[in-house]
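A.B. asks: Could you have a look at this structure, given as structure tokens, before my questions?
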Amino acid sequence: MDLTYPPEAEAFRVEIRSWLEEHLPEGWFEPGFALEGEAKIQFQKEWTQELFEGGWICATWPKEYGGKGLSTMEAVVLNEEFARAGAPLRADFFGDTLVGPTILQWGTEEQKKFFLPKILSGEIAWCQGFSEPDAGSDLAGLKTRAALDGDEWVINGQKIWTTQGFVADYIFVLCRTDPDAPKHAGISYLLCPMKQPGVEVRPIQQIDGAAEFAEVFFTDARCPEENVVGGVNNGWKVAMTTLGFERGTSATTGHRRFEKELEVIIDQAREKGRTTDPLVRQELARAWSKVQIMRINGLRTLTSVVQDRKDLGVAALGATNKMFWSEYHQHVMNLAIDVLGPEGQLLTGDPEVEEAVPGYGARRTNPQYPASVLQSSFFFSRSETIWGGTSQIQRNIVGERVLGLPKEPKPA
């Protein structure tokens with residue numbers, strides 16, 4: 001594994017750092033600096049426009065579609081410098097990271113010209129319509145159907161756990177377009193407008209009062225025929241591309257959110273005198289070690305991408321990373337609640353202030369259930385071994401596709 005970056009990547013690092021120093025608020029890099037009140041609100045309003053004008057939104061996209069055409073190493077350096085500075089890149093995960101790159105790879109020229117500029121400008125907000133009540137881990141078992149009626153698809157069915165469904169303008173949705181085909185073969189990937197009759201969104205409220213995701217019901221909803229990405233009945237391959245983007249980004253910076261969160265937990269342990277407890281010290285050390293494993297595995301992943309390796313070790317690393325960090329996070333958040341002690345059972349958050357949950361951005365708690373940052377992170381960690389591929393499915397992938405073990409027997 002080569003830990004050195006090429007000279008052109010390091011030169012690009014200097015360019016990014018200089019831009020950040022010029023455009024971030026005065027005092028940003030000084031110890032203890034924090035934006036508060038109106039200054040914080042104003043920064044949040046203006047920062048996305050600064051990023052857009054600087055060309056840092058979707059900077060890896062080709063220049064002809066509004067990006068900078070960054071190389072893999074330049075993109076890594078970009079993520080690293082923004083993370084090091086604590087400066088947010090735009091948080092439009094579904095548009096920038098998932099559907100945009102999918103359209104770039106699979107879309108027609110007409111789809112690229114229509115959708116990509118609107119993703120870059122933020123004109124269109126997106127959500128993902130994959131999971132269903134009876135098709136979560138077994139995504140290919142989905143039942144939502146789309147039938148062609150003239151020059152439009154008519155969609156009927158239900159999706160669940162649809163993050164940002166209540167604010168999205170479009171949904172990239174998997175529908176069964178050939179009910180007689182084998183379950184992986186009869187699926188299409190559609191770009192469907194959300195603001196229309198026949199689309200009902202019901203937010204799902206979580207225990208801490210947040211409601212980032214929702215159920216979406218389609219009843220004769222309409223989608224233009226030309227909004228199929230990758231061809232009719234080819235949706236499974238297109239969806240696997242999207243999931244690859246979901247699981248493969250920010251290889252060398254993905255550990256940082258866990259690193260920052262662990263610092264908060266350690267500070268709480270010091271404040272409450274728990275660092276003298278040998279069991280707590282041992283668990284904190286174990287957590288730190290696992291974060292370092294994530295960092296090293298990120299470098300291994302980057303090395304395999306740069307070298308275009310597709311061997312067994314690379315496949316094993318990709319399959320185990322999601323399982324490793326999601327199970328780590330549940331364990332360390334249990335530790336956080338233990339460190340808080342009796343206070344962990346009290347709702348100590350400020351219902352009037354948006355606080356950043358490490359890795360997930362700002363969340364305003366329910367005034368009737370004002371959870372703290374660590375409590376919100378504890379609640380959210382319970383879902384992480386489910387979304388993006390359950391730990392059980394990840395273990396099947398490792399066993400069957402990486403280790404070559406026989407498939408799990410089906411019940412008679």
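A.B. asks: What residues of the range 90-123 lie in the reach of a label at residue 44, counting those whose backbone N is under 19 Å from a point 7 Å from the Cα along Cα→Cβ?
C.D. replies: Zone members listed by number: 90-94, 122-123.
A.B. asks: Taking the simple approach of a point 7 Å from Cα along Cα-to-Cβ for both residue 110 and residue 3, what is their distance in nm?
C.D. replies: 5.3 nm
A.B. asks: In debye, nearest 20: dipole of the chain around its Cα centre with unit charges on the Cβ of K, R (+) and D, E (-)?
C.D. replies: 1380 debye
A.B. asks: Charges on Cβ only, +1 for Lys and Arg, -1 for Asp and Glu, centred on the Cα centroid of the chain; of 398, 231, 136, which one is farthest towards the dipole's positive end?
C.D. replies: 398
A.B. asks: May I ask you to give the percent of accessible area on the chain that is carbon plus sulfur, with a probe radius of 1.4 Å?
C.D. replies: Of the solvent-accessible surface of the chain, carbon and sulfur hold 54 percent.
A.B. asks: Residue 183: which aspartates and glutamates have alpha carbons under 13 Å from its alpha carbon, excluding same-chain residues fewer than 8 sequence positions away?
C.D. replies: 138
A.B. asks: Straight distance only, please: which lysines reach the Cα of residue 40 with their own Cα at less than 24 Å, same-chain residues fewer than 8 apart left out?
C.D. replies: The qualifying lysines are 260.
A.B. asks: Oh, and also: Suppose each label sits 7 Å from its Cα in the direction of the beta carbon; what would the residue 343-residue 36 distance come out to in nanometres?
C.D. replies: Label at residue 343, label at residue 36, 1.9 nm between them.
A.B. asks: Once you have a ≥ b ≥ c as the square roots of the Cα gyration tensor eigenvalues for the range 12-52, tell me rounded if a/c is under 1.5, and otherwise prolate or oblate according to whether a/b is larger than b/c.
C.D. replies: Working: a/c = 3.56, a/b = 1.32, b/c = 2.69.
Oblate, since a/c reaches 1.5 and b/c is not below a/b.
A.B. asks: Another question about this same structure. Looking at the chain, which Cys residues are left with no other cysteine's beta carbon under 4.7 Å from theirs?
C.D. replies: Those would be 58, 127, 175, since no other cysteine Cβ in the chain comes under 4.7 Å of theirs.
A.B. asks: Can you pull out the trypsin sites (Lys or Arg not before Pro) in the range 210-272 that DSSP calls coil and that have at most 15 other Cβ atoms within 10 Å?
C.D. replies: Qualifying residues, ordered by number: 272.
A.B. asks: Just order 327-336, 49-58 by mean Cβ neighbour count inside 10 Å, highest at the front, would you?
C.D. replies: In decreasing order of mean packing, 327-336, 49-58 become 327-336, 49-58.
A.B. asks: Note the full-extension length gain between residue 259 and residue 350 as 0.36 nm times their separation in residues minus their Cα-Cα distance, in nm to one decimal.
C.D. replies: Full extension from residue 259 to residue 350 adds 30.4 nm.
A.B. asks: Just to confirm the filter: which GluC sites (Glu not before Pro) across the range 88-135 are DSSP coil and have at most 15 other Cβ within 10 angstrom of their Cβ?
C.D. replies: 123
A.B. asks: Using the Kirkwood radius over Cα pairs, work out the Stokes-Einstein diffusion coefficient for the range 185-334 at 25 °C and 0.890 mPa s, in µm²/s as a whole number.
C.D. replies: Result for D is 126 µm²/s.
A.B. asks: Accessible area per residue, 1.4 Å probe, Å², for the chain: what's the number?
C.D. replies: That works out to 51 Å² for each residue.
A.B. asks: Now, a different point. Using only the Cα atoms of the range 1-149, build the gyration tensor, take square roots of its eigenvalues as a ≥ b ≥ c, and label the shape rounded, prolate or oblate: rounded if a/c is under 1.5, else prolate if a/b is larger than b/c, else oblate. Could you put the intermediate results ahead of the total?
C.D. replies: Working: a/c = 1.95, a/b = 1.61, b/c = 1.21.
Since a/c reaches 1.5 and a/b is larger than b/c, the shape of the range 1-149 is classed as prolate.
A.B. asks: Given R₀ = 30 Å, what would the calculated FRET efficiency be for residue 180 paired with residue 204, taking r from the Cβ atoms and rounding to 0.05?
C.D. replies: That gives a FRET efficiency of 0.35.
A.B. asks: Continuing with this model, one more query. Take every Cα-Cα pair in the chain and report what % of them are more than 39 Å apart.
C.D. replies: The proportion of pairs with Cα distances above 39 Å equals 21 percent.
A.B. asks: Using alpha-carbon pairs under 8 Å, 6+ residues apart, how would you state the relative contact order of the range 1-77 in percent?
C.D. replies: Working: 42 pairs, mean separation 21.5, N = 77.
Relative contact order for the range 1-77 comes out at 28 percent.
The values are calculated or read from the model by the stated rules, or taken from the named source; none is laboratory data. Since this is a predicted model, take the numbers as computed values, not measurements. All Cβ positions, even for glycine, are placed from backbone atoms using ideal geometry, and neighbour counts span all protein chains on display. Protein only, heavy atoms only, side chains kept; ligands, DNA and RNA dropped before computing areas. Shrake-Rupley method; radii C 1.70, N 1.55, O 1.52, S 1.80 Å.
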